[in-house]
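Working notes, beginning with the structure itself.
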Amino acid sequence: MRRVVSIALMLYAISAIAQNPGVLSFDDFIRSVRDHHPVMFQTRLLDDKSASYEKKARGGLDPSFGAGLERKSFDDKSYYNRFNAGLTIPTLFGLDFKAGYEVNTGEFLDDSETLPDNGLLSAGIVVPLGSGLMFDERRKLLKETTLIRESNDIKRLQIENKLLFNASKAFLEWLIAHERLKIYEAAVSLAQQRLNLVQGSFQGGDSPAIDTLEAVIQVRIRYQQFEQAVMDFRRAGAQMQNYLWLDGMTPLVLDTSSTPGDLDITNWDEVLDELSLSAENVIANHPDLRSIDVENDRLILERRLLQEGLKPTVDLIFNPLFRTDAGGLFQGYDIDDYKLGVRAYVPVFMRKTKADIELTDIAISENQISRSMVRQGLRISIINTLEQDESLETQLEQIMDAVSDYENLLEAENEKFNIGESSVFLLNSRENQLIQARMKYIELKKFLLANRLSILYESQLIKDRIL
């Protein structure tokens, strides 16, 4: 069964209750998303994944132990008993150290298999003189773990920034819907007061019936606008509710009495000023570019390993042999007791390896072209959005002046109405102009704040700078 908890309980549980009861501030909301949303818990698993890849790569250096026993008996004869055990210790530099113990007995052993009765200890080394001396799969995997961790860190930052960006936009829609609701709520109240006033004046013979009809129509229109605003506010709250969770497991229900705290238009001014001065640095260190660079480093590692494949495989094997006593312990060593071997392998044409190197070079070139395109796209997007911020600020100042002018016009029209020199129609017209101006202000405020959120998101700075 889907568990739900009221927003008030959630805020209490995470110690993020706003100063004003029933008011959910932007900072508290974003802090809740950051600390409790399931996506944030999922991204933390990327750290565990990186650690697992590191563990897997280090496993290439794990020592290995092996043992074997062979016996042949036929016609009451013991043909042979062969026993061998060995320990191999890989190293980071391509060398393998080996130690072993052999015991062979039987009537029909080959001369080369004849060993001292107490068996033979051996210790040695395998040295790759060609392919694998400077670089091999083992070292490639270890270097790749660093790239995997960096890639996962970048991915985590991108996912978390996107989540906080979408959550911030949802809160902004909720806030703007609430401000529209307040405007229409005040408009309904004012229209109702005017209707009561006009009805009283009509009954006293001071106002014509047309004014009463005009006032009734206005009340109905304002009430319809108010109801639409209520519905929009609830819809915005439902969308924002998608981001409210507790401990990544329990979805929360937004209390119907909750309202958003104000989000001032000066929010993130300092961040934008800083960003304007350092836009190129932000772009140069952008996660999208870093992600491409990580992929480029991975391709370079792949190419380096492929280049090793162009070298012949030549392994030098040297094993000193040690005599043992009856207890199987080390007895002595003669410098002339050893096994020495060389293994060599050389492909004739190497067409497969050469083709793989060519394909990797092509992938590196494609990666660099993509990087240039992404960098230019980021530069244009961030700079254009910064310029748009300045334009929106100017428009917002102008509409604020217009709101003040419409308020003065409405006040003057009210004074004229009170002395009988105006009409309900003219008053309604002035009020409608004022409401439209206030709505325009709210829309511009929304565009400005949304634009600033977009700047922070495009710069991938939301997680670090939004609170």
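The values are calculated or read from the model by the stated rules, or taken from the named source; none is laboratory data. Just so it is clear, the model here is predicted, and its values are computed rather than measured. So basically every Cβ, Gly included, is an ideal-geometry build from the backbone, and we count neighbours across all protein chains shown. Areas reflect the complete protein model, heavy atoms only, side chains present, ligands, DNA and RNA absent. Shrake-Rupley method; radii C 1.70, N 1.55, O 1.52, S 1.80 Å.
Probe 1.4 Å, all protein chains in place: accessible area of LYS463 in Å², nearest 10?
It works out to around 70 Å².
Considering only protein heavy atoms, with the full assembly of protein chains and a 1.4 angstrom probe, order ASP389, ASP288, ASP76 by accessible area, largest first.
ASP76, ASP288, ASP389
List the aspartates and glutamates whose Cα lies under 13 Å from the Cα of LYS49, skipping any in the same chain that are fewer than 8 positions away.
Filter leaves GLU150, ASP153.
Only Lys, Arg, Asp and Glu count, each charged at its Cβ (+1, +1, -1, -1), so figure out the dipole size of the stretch 141-293 about its Cα centre, rounded to 20 debye.
So the magnitude is around 620 debye.
Based on alpha-carbon centroids, what's the gap between the stretch 409-467 and the stretch 75-119 in Å, whole number please?
91
Just the accessible area for GLU443, please: 1.4 Å probe, Å², rounded to the nearest 10?
Rounded to the nearest 10, that gives 50 Å².
Find which of PRO347, LEU197, GLN398 sits farthest along the positive direction of the dipole of the chain, computed with +1 on the beta-carbon of Lys and Arg, -1 on that of Asp and Glu, about the Cα centre.
Projecting each Cα onto the dipole axis, the largest value belongs to PRO347.
Among TYR223, TYR345, what's the order by accessible area (1.4 angstrom probe), most exposed first?
Largest to smallest exposure gives the sequence TYR345, TYR223.
Per residue, what volume in Å³ does the convex hull of the Cα atoms of the stretch 203-318 enclose?
Measuring per residue, one finds 338 Å³ for the Cα hull of the stretch 203-318.
At a 1.4 Å probe radius, which order do PHE26, PHE349, PHE108, PHE417 fall into by accessible area, largest first?
PHE349, PHE108, PHE417, PHE26
Would you mind getting the accessible area per residue of the chain, heavy atoms of the protein chains only, 1.4 Å probe, in Å²?
57
Relative contact order of the stretch 392-465: what whole-number percent is it, with Cα pairs under 8 angstrom and at least 6 residues apart?
It comes to 37 percent, rounded to a whole number.
Which value, in Å² rounded to 10, gives the accessible area of MET400 with a 1.4 Å probe and all protein chains present?
90
The list (i) 1.00; (ii) 1.30; (iii) 0.96 gives values of Rg/Rh (Cα atoms, Kirkwood Rh), and only one came from this structure; which label was calculated from it?
(ii)
Dipole magnitude of the stretch 235-309 about its Cα centre, charges +1 at Lys/Arg Cβ and -1 at Asp/Glu Cβ only, in debye to the nearest 20?
Computed about the Cα centre, the dipole is about 460 debye.
So which aspartates and glutamates pass the test for LYS416, namely a Cα distance under 12 Å, with those fewer than 8 places away in the same chain ruled out?
The reachable aspartates and glutamates, counting only those whose Cα sits under 12 Å from LYS416, number zero.
Please compute the contact order of the chain in relative form: average sequence separation of alpha-carbon pairs under 8 Å and at least six residues apart, divided by the residue count, as a percent.
21
Students often forget the sequence filter, so: which aspartates and glutamates lie under 17 Å Cα-Cα from LYS311 once same-chain residues fewer than 8 apart are removed?
ASP136, GLU137, GLU302, ASP356, GLU358
If you put +1 on each Lys and Arg Cβ and -1 on each Asp and Glu Cβ, how big is the dipole of the chain around its Cα centre, in Debye rounded to 20?
1140
If you roll a 1.4 angstrom probe over the protein chains with everything in place, what fraction of the accessible area of the chain belongs to carbon and sulfur, to the nearest %?
54
Of the options TYR79, HIS37, LEU157, report the single residue whose Cα projects farthest towards the positive end of the charge dipole of the chain (beta-carbon charges: Lys, Arg +1; Asp, Glu -1).
TYR79
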